[in-house]
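Have a look at the structure below, then the notes.
The values are calculated or read from the model by the stated rules, or taken from the named source; none is laboratory data. This is a predicted model, so every value here is computed, not measured. In this analysis, Cβ positions are derived from the backbone assuming ideal geometry, glycine residues included, and neighbour counts consider all displayed protein chains. These accessible areas exclude ligands, DNA and RNA; they are computed on the full protein's heavy atoms, side chains included. Shrake-Rupley method; radii C 1.70, N 1.55, O 1.52, S 1.80 Å.
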Amino acid sequence: MARFTSTHWGVYEVLGDADDPVLGPFRRDPDPSPIGLSMLEASTRLRVEQPCVRKSWIEQGIGASPHLRGVDPFVQVDWDYALDLAAQALSRTISQHGKQAIFGGSYGWSSAGRFHHAQSQIHRFLNAAGGYVRHVDSYSLGAARVLMPHIVAPMDDLMARHTSWDVMSEHTELFVAFGGVPAKNAQVNPGGASEHLVSGGLANMARAGVRFVNISPMRANLETGKAFEWIKIRPNTDTAMMLGLAFCIHAAGRHDKDFLQRYCTGFERFETYLLGNQDGQPKDPRWASAICGVPATVIEDLATRMANSRTMINVSWAIQRAHRGEQPYWMVVTLAAMLGQIGLPGGGFGVGYGAMNMMGMANPKFGGPTLPQGQSNVREFIPVARITDLLEKPGESFQYNGSTHTYPKIELIYWAGGNPFHHHQDLRRLIGAWKKVPSVLVNEQFWTPNAKLADIVFPATTTLERDDIGFSSVDRYMIAMRKVIEPCGQARDDFDIFRALARRLGCEQIFTEGRDASQWIRFLYEDSIVRAKAANVTLPSFETFWEQGLVDLAKPGQYNIMLEDFRKDPDVNRLNTPSGKLEIFSERIASFGYEDCPGHAVWLEPVEWLGSETARRWPLHLVSDQPKAKLHSQLDHSKLSQATKLNGRERLEINPVDAIARGLETGDTVWVMNERGKCLATAVVTDELAESVVKLSTGAWFDPDNWMSVEYDKHGNPNILTPDIGSSQLSQGCSAHTCLVDVQKFEGEPPDVTAYRLPDIIRQAMVAPG
Ligand SMILES: Nc1nc2c(c(=O)[nH]1)N[C@H]1C(S)=C(S)[C@@H](COP(=O)(O)OP(=O)(O)OC[C@H]3O[C@@H](n4cnc5c(=O)[nH]c(N)nc54)[C@H](O)[C@@H]3O)O[C@H]1N2
Ligand SMILES: Nc1nc2c(c(=O)[nH]1)N[C@H]1C(S)=C(S)[C@@H](COP(=O)(O)OP(=O)(O)OC[C@H]3O[C@@H](n4cnc5c(=O)[nH]c(N)nc54)[C@H](O)[C@@H]3O)O[C@H]1N2
Ligand SMILES: [Mo]
């Protein structure tokens with residue numbers, strides 16, 4: 001009987017004896033990720049082992065002294081005590097303030113199994129209890145998720161239909177990547193990444209003679225095994241560069257007029273802007289060069305090559321996680337439409353090859369096992385990255401996608417499966433807002449900053465400690481995830497925690513529908529058999545699946561060409577945009593009247609960038625990309641992640657010119673700072689980074705000097721520096737990649753950071769009063 005476990009970073013084989021298991025790479029995966037190999041070792045350290053309640057709540061009751069979060073010690077209590085208290089906090093909030101006073105947080109990736117998916121579990125529970133304020137969209141794709149359905153198609157459709165790697169090997173001649181194709185990111189896929197294809201796909205393309213150009217502030221993230229061209233660009237200026245390319249293509253008469261006529265709407269409006277007919281400023285290569293820092297001759301030459309080749313243009317997701325991040329995405333569609341190769345094999349555009357494993361795969365797409373989340377009858381919501389605004393500005397209105405909405409007043413936050421003190425921007429501001437909310441409940445596995453800042457912490461099991469099903473849309477294998485080890489301490493599954501709370505709130509039957517965990521796992525599997533059949537996939541019986549350990553979903557010979565159907569017959573296969581065509585000008589977006597996102601792609605200056613006034617004071621642009629050796633903050637305490645650090649801190653990469661100007665050498669402890677905050681990191685000098693650009697990957701657990709009035713972070717979490725502003729009124733997406741800083745050598749003895757610390761815990765068991 002084969003045994004497997006599945007994670008967002010791949011499938012692992014469970015080897016060794018049942019009482020001494022070992023994880024090994026999945027032998028069917030051509031390029032397995034090392035991240036999971038350190039999962040077992042990390043699973044018992046820094047764990048929340050028993051339910052904990054913040055001391056002020058024990059002594060003074062629910063809602064007491066929220067400003068002491070992070071400072072108060074925790075008291076270990078027994079399960080019934082903690083559950084009774086949490087249920088009281090929930091029911092009191094609902095009866096006194098209504099359900100729109102509960103924020104069901106839980107942005108974050110939690111773990112891969114489809115039943116024990118913490119975010120689905122908590123939303124299902126809160127819906128069973130009557131509803132909650134939810135979030136929409138994601139940090140990953142805030143701007144793109146809102147923009148793209150207006151002008152092409154929803155992001156999920158585009159992601160699943162990216163032109164396959166094999167097709168590109170055969171047909172693409174030139175691959176132009178804005179922000180690379182980060183194979184380090186493609187280790188990961190939400191729900192599962194059982195067959196890693198990006199590195200192999202890139203290598204095959206290079207071997208077939210495809211030429212690659214990486215337009216990026218850093219050289220890395222386009223490893224093909226062969227030489228490639230690196231064009232250094234100032235961060236956040238891709239739209240200007242693409243406009244320069246578009247201008248050259250237009251000036252040479254190489255734009256595809258038939259394509260623009262037949263498949264697009266509104267090119268004329270954009271053309272007026274491109275040529276400067278109204279504002280008097282042609283968006284020519286000299287204009288573009290002054291903004292993006294790429295020489296005009298390089299732009300001209302690249303434009304010629306793009307027009308003469310079968311060209312695929314790719315944009316990384318990072319370039320839209322920025323202020324005015326809608327514009328490069330709208331502009332890449334516009335530029336590819338002008339080249340007229342959309343829907344042809346190997347041409348057109350990609351919106352995130354390499355951002356995750358799935359782009360370029362061609363396995364069948366169907367709705368696999370998914371826990372239904374139920375319906376909320378609370379209307380209020382936030383675009384996900386507006387969390388601090390929600391907490392700070394109750395009653396104030398905000399714009400989103402053409403409508404006006406109002407922030408409700410939040411009295412209780414419940415979070416399971418995410419780490420806002422890792423993922424959100426301007427963390428000092430978030431902490432201030434967080435400490436005004438009377439009640440915060442958290443289910444966590446580890447003592448992350450989010451757990452440290454809660455009033456009640458419930459210890460949750462990890463993937464390794466429970467049965468589940470591993471599945472991700474268009475991934476190759478469905479996996480029977482068998483429990484590998486016993487739960488650590490008193491940890492329980494999120495499902496059991498919510499079931500116990502639902503019982504206390506009188507909604508257990510709605511939450512469980514009478515099923516226990518193993519019945520749910522079987523039910524979700526069997527429920528997906530019908531949907532699989534509609535996609536021509538025959539799933540075996542549950543018993544066979546569980547015995548085999550996996551199902552191979554691949555269909556040999558399948559491939560995708562993005563928007564091929566639309567190209568073949570645009571009348572039958574209309575796009576789901578208002579015109580049914582690609583919208584180079586969108587009447588609908590124009591009708592919203594947003595100056596920060598008008599009716600076609602434009603260059604808009606971000607609030608801070610290297611060409612702005614702010615750069616005089618803070619002269620370096622900080623790129624905070626995704627970490628190579630972990631998924632966000634998950635497993636940051638593992639040996640693999642710790643080994644990537646230098647002196648216990650994250651690496652701050654800096655160009656030699658900028659390093660010399662500051663007297664820095666590799667290994668120096670440095671301050672990274674701006675007016676929002678500062679953190680410590682370890683300098684690494686490298687010429688693989690453009691001048692005036694520094695890189696500090698995300699992932700370090702927020703570890704402030706003190707929790708009462710935070711001044712700095714010790715481990716190198718970039719989000720103490722990043723601005724907390726929406727990318728525009730259209731999407732309100734996160735703007736993490738828009739951030740200016742300066743770097744300075746740390747003088748003296750830096751604070752010790754060899755390990756993360758547990759909070760102060762009073763280890764005297766408290767039992768339930770009744
Ligand atoms: N500066 C900057 N900031 C960024 C980004 C950036 O590029 N730059 N990127 C953004 C993006 S794209 C994203 S997606 C976010 C990432 O968002 P994060 O919220 O930081 O994601 P994770 O670290 O994956 O958080 C998952 C948490 O869930 C916990 N967990 C795992 N499994 C379970 C479970 O079964 N039950 C429970 N109860 N808990 C569980 C883990 O211990 C972990 O603390 O960060 C965003 N922030
Ligand atoms: N190992 C690992 N993989 C992951 C994740 C992880 O935490 N760890 N997280 C996953 C998640 S949730 C997401 S959303 C995706 C995110 O995927 P992306 O958003 O694509 O990833 P990033 O690593 O933030 O950035 C990719 C590259 O964009 C480039 N870049 C940054 N700013 C600019 C710019 O202004 N212009 C140009 N031209 N290039 C720029 C940089 O070269 C950077 O290396 O990654 C996923 N994959
Ligand atoms: Mo993401």
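Tabulated results
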item	result
Criterion violated by F247 - all others in (1) open to solvent by 30 Å² or more (accessible area, probe 1.4 Å); (2) in a helix (DSSP H, G or I); (3) touching a residue at least 60 places away in the same chain (Cβ under 8 Å) satisfied	(3)
Selection within the range 527-559 - part of a helix (DSSP H, G or I) and either loosely packed, with under 12 Cβ neighbours inside 10 Å or touching a residue at least 60 places away in the same chain (Cβ under 8 Å) (or both)	D527, S528, V530, R531, A532, A534, E543, T544, F545, W546, E547, Q548
Residue under evaluation R161, criteria (1) among the basic types (K, R); (2) within 16 Å of ligand 2 (Cβ to nearest atom); (3) farther than 30 Å from W434 by Cα, criterion not met	(2)
Criterion violated by V213 - all others in (1) under 15 Å from T311 (Cβ atoms); (2) open to solvent by 30 Å² or more (accessible area, probe 1.4 Å) satisfied	(2)
Boolean, V684 is closer than 25 Å to D752 by Cβ, open to solvent by 10 Å² or more (accessible area, probe 1.4 Å) and part of a strand (DSSP E or B)	yes
Given (1) part of a loop (DSSP other than H, G, I, E, B); (2) within 16 Å of ligand 2 (Cβ to nearest atom), number of the condition G593 does not satisfy	(2)
Selection count where residues are over 19 Å from D516 (Cα atoms), within 16 Å of ligand 3 (Cβ to nearest atom) and open to solvent by 20 Å² or more (accessible area, probe 1.4 Å), scope the range 112-145	5
Condition broken by G470, with the remaining ones in (1) open to solvent by less than 10 Å² (accessible area, probe 1.4 Å); (2) small (G, A, S); (3) within 30 Å of E13 (Cβ to Cβ); (4) within 16 Å of ligand 2 (Cβ to nearest atom) satisfied	(4)
A290, sole failed condition from (1) touching a strand residue (DSSP E or B) at 6+ places or on another chain (Cβ under 6 Å); (2) farther than 23 Å from I342 by Cα	(1)
Single match in A64, A86, A101 (criterion: within 16 Å of ligand 1 (Cβ to nearest atom) and of a type in the set (A, V, I, L, M))	A86
Residues located in the range 57-71, provided they are within 16 Å of K436 (Cβ to Cβ) and surrounded by fewer than 20 Cβ atoms within 10 Å (Cβ to Cβ)	I62, G63, A64, S65, P66, H67, L68, V71
Segments classed as helices (runs of 4 or more DSSP H), wholly inside the range 359-461, with at least 1 members that are over 21 Å from C734 (Cα atoms)	449-452
Residue within the range 439-451 that is of a type outside the set (S, T, Y) and touching a Gly at 6+ places or on another chain (Cβ under 7 Å) present	no
Test: T666 is β-branched (V, I, T) and either in contact with a His (Cβ under 7 Å, 6 or more places away or on another chain) or surrounded by fewer than 19 Cβ atoms within 10 Å (Cβ to Cβ) (or both)	yes
Test set (1) in contact (Cβ under 8 Å) with a residue 40 or more places away in the chain; (2) under 16 Å from V693 (Cα atoms); (3) more than 10 Å from ligand 2 (Cβ to nearest atom) - S624 fails condition number	(3)
Residue match in the range 506-526 (condition: touching a residue at least 12 places away in the same chain (Cβ under 8 Å), open to solvent by 60 Å² or more (accessible area, probe 1.4 Å) and outside any helix (DSSP H, G or I))	no
Verdict on G348 being buried (at least 20 other Cβ atoms within 10 Å of the Cβ) and within 21 Å of D156 (Cα to Cα)	yes
Filtered residues of the range 159-192 (kept if within 16 Å of ligand 3 (Cβ to nearest atom) and part of a helix (DSSP H, G or I))	M159, N185, A186, Q187
Residue within the range 681-689 that is modelled with pLDDT of 95 or more and within 22 Å of the chain's Cα centre (by Cα) present	no
D156 being within 16 Å of ligand 1 (Cβ to nearest atom), acidic (D, E) and touching a helix residue (DSSP H, G or I) at 6+ places or on another chain (Cβ under 7 Å)	no
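To keep it simple, each residue is scored yes or no on (1) closer than 18 Å to A177 by Cβ; (2) in contact with a Lys or Arg (Cβ under 8 Å, 6 or more places away or on another chain); (3) surrounded by fewer than 19 Cβ atoms within 10 Å (Cβ to Cβ).
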site	(1), (2), (3)
T265	no, yes, no
R269	no, no, yes
Q278	no, no, yes
Q281	no, no, yes
P285	no, no, no
G293	yes, yes, no
I299	yes, no, no
H323	no, no, no
E326	no, no, no
